[in-house]
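Step one of this worksheet: look at the structure below.
The values are calculated or read from the model by the stated rules, or taken from the named source; none is laboratory data. For clarity, every value in this text was computed on a predicted model and none was experimentally measured. Please note: Cβ atoms are built from the backbone with ideal geometry, for glycine as well, and neighbour counts cover all protein chains shown. Ligands, DNA and RNA are excluded from the accessible area calculation, which covers all protein heavy atoms including side chains. Shrake-Rupley method; radii C 1.70, N 1.55, O 1.52, S 1.80 Å.
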Amino acid sequence: MTSIAFRPAQPADLPAIIALLVNDMLGAQREDSSSPPNPRYVAALEAILADPNQLQAVATLDDAVIGCLQLTFIPGLARMGAWRGLIEAVRIAETQRSSGVGQQMFKWAIAQCRARGCDLVQLTTDKARPDAHRFYERLGFVGSHIGYKLKL
């Protein structure tokens, strides 16, 4: 019997994570699928792994990476010193979409935030992803804020 597992990413997972990022309508325009991986990806993963407030996670099925997300644990003074969990760069393999893997991955990620003492979990999502918006709302997330980005 096969089961989904969730764990921190390892350097050997980087090509699979990049493949998930590339296999996306927006990622196809901004990611680099070259092999070996672009050194910027390697440096970014090294920085994430070295930072105790960062967690690059993968979902695996029979040891194959089928999903990923990044968790950032943010300390803050607002909300009486509350910690926030920020979920970003969520991707599920095309063959696993609508299978429940995303819901399981979010349940796991939210549990990680609780374990770290977070009072709030937040995420951003591109306006061009209406299916993702519906998914997040089904999980209980509320579109309560407007986010802005400045590309540098």
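Miscellaneous remarks
- Within the range 3-44, being of a type in the set (D, E, K, R) and in a helix (DSSP H, G or I) holds for Asp13, Arg30, Arg40.
- Filtering the range 18-43 to residues that are open to solvent by less than 60 Å² (accessible area, probe 1.4 Å) and out of contact with any strand residue (DSSP E or B) (no Cβ under 9 Å at 6 or more places or on another chain) leaves Ile18, Val22, Leu26, Glu31, Asp32, Ser34, Pro37, Asn38, Tyr41, Val42, Ala43.
- Ala5 vs. criteria in contact with a strand residue (DSSP E or B) (Cβ under 9 Å, 6 or more places away or on another chain) and touching a residue at least 12 places away in the same chain (Cβ under 8 Å): yes
- Residue within the range 15-31 that is closer than 23 Å to Cys113 by Cα, at pLDDT 95 or above and over 12 Å from the mean Cα position of the chain (by Cα) present: no
- Filter result for the condition that a residue is out of contact with any Asp or Glu (no Cβ under 9 Å at 6 or more places or on another chain) and among the hydrophobic types (A, V, I, L, M, F, W, C), over Met80, Met105: Met105
- Any pair with Cβ under 9 angstrom, 6 or more apart, that starts in the range 67-80 at a residue that is of a type in the set (Gly, Ala, Ser) and ends at one that is open to solvent by 10 Å² or more (accessible area, probe 1.4 Å) and in a loop (DSSP other than H, G, I, E, B): Gly67/Ala93
- Count of residues meeting criterion [closer than 14 Å to Asp63 by Cβ and of a type in the set (Ser, Thr, Tyr)] in the range 1-37: 2
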